[in-house]
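Worksheet: the structure to be examined is printed underneath.
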Amino acid sequence: LLLLCHTEEAAVIVSGLRSTDVFVGESATFTCELSHPGVKNVQWWLDGTPLHNNLVTEISEQDGRIHTLTLNDVACHDSGTVTFRAGSLISSAKLLVKGISMLK
């Protein structure tokens, strides 16, 4: 009988966040893949502000390992550093929102 016990410390980031450039009004998606599910205290931030599920911010996870953040209808002021944290694991990337000079 082989008993596999995954602890929070055993988890690693398989694929971290990648910096993204988008235009105003578009969506920006960030994905972080963990080595196994069950890591507690998962949180997303934008420039140090905790993010929560709402109409603009979509937070989801697949199989408990693939964590996704989608920011919809971004504005210039959304540019900044996106951070994903799961337990003691942290991954960060830059979001650059580019304006369109002809817009309005």
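Solvent-accessible area per residue in the chain equals 64 Å², computed with a 1.4 angstrom probe and all protein chains kept. Within segment 13-98, the proportion of C-alpha pairs whose separation exceeds 22 Å stands at 19%.
Accessible surface comparison of Ile100, Ile90, Ile66, probe 1.4 Å, protein chains only, largest first: the order is Ile90, Ile100, Ile66. Near Lys98: Cβ cut-off under 10 Å, other residues only, Lys/Arg at +1 and Asp/Glu at -1. The net charge is -2. Take Asp63: with every protein chain present and a 1.4 Å probe, its accessible area is about 110 Å².
The values are calculated or read from the model by the stated rules, or taken from the named source; none is laboratory data. All figures in this text were calculated on a predicted structure; none of them were measured in a lab. Note that we place each Cβ from the backbone using ideal geometry, even for glycine, and neighbour counts take in every protein chain shown. With ligands, DNA and RNA removed, areas are computed over all heavy atoms of the protein, side chains included. Shrake-Rupley method; radii C 1.70, N 1.55, O 1.52, S 1.80 Å.
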